[in-house]
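Worksheet for the structure shown next.
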Amino acid sequence: MKLKNYIPLGVLAALLGGFGIVADEVSEGETLGFDNAVLMALRVPGDPSMPIGPSWLPEAARDVTALGSFSVLTILVVGVVAFLALVGKRGTAVFLTASVLGGTTVSTVLKALFDRPRPELTGVAKVFTASFPSGHATISAVVYLTLGAILAEISASRRLTTFFYSAAAFLTVLVGLSRIYLGVHFPTDVVAGWSIGSAWALLCLLIFSAVRARWTDRDIVGSSAT
């Protein structure tokens, strides 16, 4: 195997290792001081229900955080899957569907496993699930990075490939930061979500690429034999 083929595996190992380190520290309560310090630095002194900044910023943050919501991502994924099926890229449509459903399952299982309470702030957005890892950060990483990979694959330009991956990473980071700013997640929740979501997206991409390469090789061999 060439050196460049080991790079994705190294990145995957680093992401999983990063998640493991954060999860271990969170389980032992070692991050609580840091988490609370960051959250309070983003709140108006004496009023933890109010984020710092101009009056329009919290509303903008809520708009941004919706980009990682279940409803918005579901609409986006269903639309893209339908498009891929219509243009004959059914394998890619299955890959996207499996990646997102699997990532959602991973997020749900981890939330139930760690069952971390949400930050104890008043007046923040209403939430219904456990805190660790951030579901918005996890699933937005899965969806946007997977879509970035799909778009990068069909682009003929390295510049466009860089743009697609950069845009996917930017949206993922923006959604996660909005969760911290709104006070509905601890910073370590978001970092863990970014790590495990990115790792899952990369793992699915590696599996899909390997399966597709095997089928392509089989088709080539079949054609030669014929």
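Near Ser27: Cβ cut-off under 11 Å, other residues only, Lys/Arg at +1 and Asp/Glu at -1. The net charge is -4. For Arg43, the residues whose modelled amide H falls within less than 5 Å of its own, excluding neighbours fewer than 5 places apart on the same chain, are Ile52.
Simple point charges give the picture: +1 on the Cβ of Lys and Arg, -1 on the Cβ of Asp and Glu, and for region 64-159 a dipole about the Cα centre of about 180 debye. Computed from Cα atoms, the angle from the helix 32-41 axis to the main principal axis of the chain rounds to 80 degrees. Accessible surface calculations at 1.4 Å, restricted to protein heavy atoms, place the chain at 56 Å² per residue. Relative to the longest principal axis of the Cα atoms of the chain, the long axis of helix 187-225 makes an angle of roughly 10 degrees.
Counting charges near Gly68 (Lys, Arg +1; Asp, Glu -1) among other residues having Cβ under 12 Å from its Cβ returns a value of +1. Three semi-axes describe the equivalent ellipsoid of region 27-120; taken as square roots of 5 times the Cα gyration tensor eigenvalues and ordered largest first, they are 36, 21, 8 Å. Can you give me the Cα centroid spacing of region 1-80 and region 81-102 in angstrom? So the two Cα centres are separated by 26 Å. The mean sequence distance of close C-alpha pairs (under 8 Å, at least 6 residues apart), as a share of the length of region 114-214, puts its relative contact order at 40 percent. Between the Cα long axis of helix 70-86 and the first principal axis of the chain there is an angle of about 10°, rounded to the nearest 10.
Across the chain, Cα pairs under 8 Å and at least six residues apart give a relative contact order of 28 percent. Compute the label zone of Ala210 within region 126-160: residues whose backbone N is under 13 Å from the point 7 Å along Cα-to-Cβ. It comes to no residues whatsoever. Neighbours of Lys89, meaning other residues whose beta-carbon lies under 14 angstrom from its beta-carbon, give a summed charge of +1 when Lys and Arg score +1 and Asp and Glu score -1. State the percentage of accessible surface on region 32-74 attributable to carbon and sulfur atoms; use a 1.4 Å probe and exclude ligands, DNA and RNA. The value for region 32-74 is 74 percent carbon and sulfur by accessible area.
The values are calculated or read from the model by the stated rules, or taken from the named source; none is laboratory data. As the structure is a computational prediction, the values presented were derived from the model and not from experiment. Glycine gets a Cβ as well: all are built from the backbone with ideal geometry, and neighbour counts include every protein chain shown. Calculation scope for accessible area: heavy atoms of the full protein, side chains included, ligands and nucleic acids excluded. Shrake-Rupley method; radii C 1.70, N 1.55, O 1.52, S 1.80 Å.
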